[in-house]
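S.K.: Quick one: structure below, then a few questions.
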Amino acid sequence: MEKINHYCITGKNFLFLHDLNIKIIISGAKSKDLSKFPDNWLNDSLGKNISHKNKNYGTLSSHYWLWCNEFNNLQDNDWIGINHYRRFWINARENDINIINLKDNIQRLIPEGDFNVLLPEKIFLENLKLSKLIKKGFRNYIKNPEILFNRKKVSINLHFDLFHGYNLLNDSANLLEKDDYDDFKNYINNNYSFYPLQMFICQKKNILKLYEKLFKWIFECEKFFSKVKLSGYGKERLYDFLAERYFSYYFEKNLKIKTWPYTLIKENLNEI
């Protein structure tokens, strides 16, 4: 079995990250006091980077850095695992995972099976609370009252409207190139679940095209929304949320998916 080259994206220096035997990327390093981070951690302000865009791009600044810099040190068939500072790919042999035993439970090798990418389980949108729909979805249910009575009609597009801004995902989809335009529109309007978190384990050769298409689109979105005030949790990291939907779409359209477990570290973490 082949080993996984793990990377963990973090904007904070937590002690438990120091001993995991994976590479750590400081996200948004351009605006950080790097003297507070270990010298051997990677940071997304080196080389070709968009670290200064981190406020609205979130983890995408680290994805971009990987693509433009770290990928030069990897072979096309190398497997790359993306983790976040509280979420890590695990081997599922231990149910009670914490910062003490996490290192021993990280999935280090590619499992057997016919797949091109490992992803977390999908999240299903039909469990959206009616109160949330009524509070935030006025323009949506005026246009289509059926969504009030059939929660299975909560599409990816509708969900984005409610949590990140009305019509922002739809307007963004209009900026895609021809080979994605129709398929992505169909995906966000007729699917009621998606693969979340921008976490994946995949070979470099299959990530390259994804990053190329993704960032070309996201940069066009940034131009289009240049006059939109991106504030508040739902909008501030708009491009990160857009990318999350595109990641899911791209993997479903182009690769064979196998779902795999990850853990969420729930302990209170003290920043160094």
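The values are calculated or read from the model by the stated rules, or taken from the named source; none is laboratory data. In this text, all values refer to a predicted model and were calculated from it rather than measured experimentally. In this analysis, Cβ positions are derived from the backbone assuming ideal geometry, glycine residues included, and neighbour counts consider all displayed protein chains. Surface areas here come from the heavy atoms of the whole protein model, side chains and all, with no ligands, DNA or RNA. Shrake-Rupley method; radii C 1.70, N 1.55, O 1.52, S 1.80 Å.
S.K.: In whole percent, what relative contact order does segment 151-272 give with Cα contacts below 8 Å and a gap of six or more residues?
M.R.: Once normalised by length, the contact order is 29 percent.
S.K.: Quick check: the angle from helix 204-224's long axis to the longest principal axis of the chain, C-alpha only, nearest 10 degrees?
M.R.: 50 degrees
S.K.: Normalised by the number of residues in the chain, what is the relative contact order in percent for Cα pairs under 8 Å and 6+ residues apart?
M.R.: 28 percent
S.K.: Name the most mobile residue of N190, N54, N43, meaning the one with the largest mean-square fluctuation, in a Gaussian network model of the chain with Cα contacts below 10 Å.
M.R.: Taking springs between Cα atoms under 10 Å, the residue moving most is N190.
S.K.: Right, another one. So what is the diffusion coefficient of segment 146-272 in µm² per second by Stokes-Einstein at 10 °C and 1.306 mPa s, using a Kirkwood Rh over Cα pairs?
M.R.: Approximately 99 µm²/s, per Stokes-Einstein.
S.K.: Follow-up question, since we're still on this one. Could you calculate the contour length gain from L269 to K23, that is, 0.36 nm times the residue separation minus the distance between their Cα atoms, to one decimal place in nm?
M.R.: Extending this stretch completely gives an extra 86.6 nm.
S.K.: Report the relative contact order of segment 1-46, percent, no decimals, based on alpha-carbon pairs under 8 angstrom and at least 6 residues apart.
M.R.: 36 percent
S.K.: Cross-link list K213/K258; K178/K205; K55/K178: which exceed 26 angstrom alpha carbon to alpha carbon?
M.R.: Check vs 26 Å cut-off fails for K55/K178.
S.K.: Write down Rg/Rh for segment 170-221, rounded to two decimals, with Rg from the C-alpha atoms and Rh from the Kirkwood relation over Cα pairs.
M.R.: We get a ratio of 0.98 for segment 170-221.
S.K.: For the chain, modelled as a GNM with alpha-carbon contacts under 10 angstrom, which of Q107, Q75, Q198 fluctuates the most?
M.R.: Checking each option, the largest mean-square fluctuation is seen for Q75.
S.K.: Just the accessible area per residue of segment 220-272, please: how many Å² with a 1.4 Å probe?
M.R.: On a per-residue basis, 57 Å².
S.K.: Report in % the part of the accessible area of the chain that belongs to carbon and sulfur, leaving out ligands and nucleic acids; probe 1.4 Å.
M.R.: 46 percent
S.K.: Related question: Can you give the three extents of the C-alpha atoms in segment 1-112 along their principal axes, from longest to shortest, in whole Å?
M.R.: So the extents along the principal axes, rounded to whole Å, are 40, 32, 25.
S.K.: Per-residue counts of other Cβ atoms within 10 Å, averaged by peptide: what ranking do you get for 234-243, 112-121, highest first?
M.R.: 234-243, 112-121
S.K.: Also: Take F71, F16, F124 and sort them by solvent-accessible surface of the protein heavy atoms, 1.4 Å probe, largest at the top.
M.R.: So the residues, ranked largest to smallest area, are F124, F16, F71.
S.K.: Sticking with this one: Using only the Cα atoms of segment 86-128, what do you get for the radius of gyration and for Dmax, in Å?
M.R.: 13.4, 36
S.K.: Rg over Rh of the chain, using C-alpha atoms and the Kirkwood radius, what does it come to?
M.R.: Ratio of gyration radius to Kirkwood radius for the chain: 0.96.
S.K.: Here's a follow-up. Among the trypsin sites (Lys or Arg not before Pro) within segment 44-124, which fall in a DSSP loop and have no more than 13 other Cβ atoms within 10 Å of their own Cβ?
M.R.: K48, R93
S.K.: Can I ask one more? Using only Cα atoms, tell me the angle between helix 178-190 and the longest principal axis of the chain; keep it within 0 to 90° and round to the nearest 10.
M.R.: 70 degrees
S.K.: Sticking with this one: How much of the DSSP beta bridge set in the chain is antiparallel, as a percent to the nearest 5?
M.R.: 50 percent
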